[in-house]
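Have a look at the structure below before the remarks.
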Amino acid sequence: MRLLVLLGLFIGVLYGLHILAQDYQAITKPKVLRFLFKRDLKYATNYNATVRWRKILQYDTMQCARLLYCDLGAHLPDNELRRGFTYMLALATKEEDNAALEEFKSAYFHGRMLRDNPALCREKYPSCPFKAVLLFDLLHYLLHTL
């Protein structure tokens, strides 16, 4: 039974990362190509890309996405992927996503305070069984297979 619960939580982590990757792609793709994405079809004429923070937080029961953002804050953005995910925190959101966005901003700024010791993000978000490096690798994989 415990294995099934753990498997369900793991699937939730992957789905939350999948949503984050989709939103990243929708934001970073040129406007001309945005109509090719399924979630963008209804916005093809008047599209403002947003991140579905509330939905990501809903599937982030193991706090892995928050660990990811804590790690983003703890390291200098040394590549385009890190800069892009950090940039997502500054985008305008829908009203229903504001509270969830604050959770991710809080994680990011907590990481900023830990610049000398980014491993302390793990203490803030201990329920995620994965390292932030693996989460970034998963995002990189999702971005190149979606």
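Here are a few things to note about the model shown:
- Filter pass, Leu72 being touching a Phe, Trp or Tyr at 6+ places or on another chain (Cβ under 7 Å) and within 20 Å of Asp23 (Cα to Cα): yes
- Some residue of segment 106-121 being of a type in the set (Ser, Thr, Tyr) and closer than 23 Å to Gln25 by Cα: yes
- Any hit, segment 124-134, residues being at pLDDT below 95, loosely packed, with under 13 Cβ neighbours inside 10 Å, more than 13 Å from the chain's Cα centre (by Cα) and charged (D, E, K, R): no
- Residue count, segment 41-53 (criterion: surrounded by fewer than 17 Cβ atoms within 10 Å (Cβ to Cβ), part of a helix (DSSP H, G or I) and either at pLDDT 90 or above or not hydroxyl-bearing (Ser, Thr, Tyr) (or both)): 2
- Residue check for Tyr69: surrounded by fewer than 20 Cβ atoms within 10 Å (Cβ to Cβ) and at pLDDT 90 or above: no
- Output for segment 93-121, where each listed residue is within 15 Å of Gln58 (Cβ to Cβ) and either touching a Gly at 6+ places or on another chain (Cβ under 7 Å) or among the hydrophobic types (A, V, I, L, M, F, W, C) (or both): Ala99, Ala100, Leu101, Phe104
The values are calculated or read from the model by the stated rules, or taken from the named source; none is laboratory data. From a predicted model like this one, the values you see are computed outputs, not experimental measurements. Here Cβ is always computed from backbone atoms with ideal geometry, including for glycine, and neighbour counts include all displayed protein chains.
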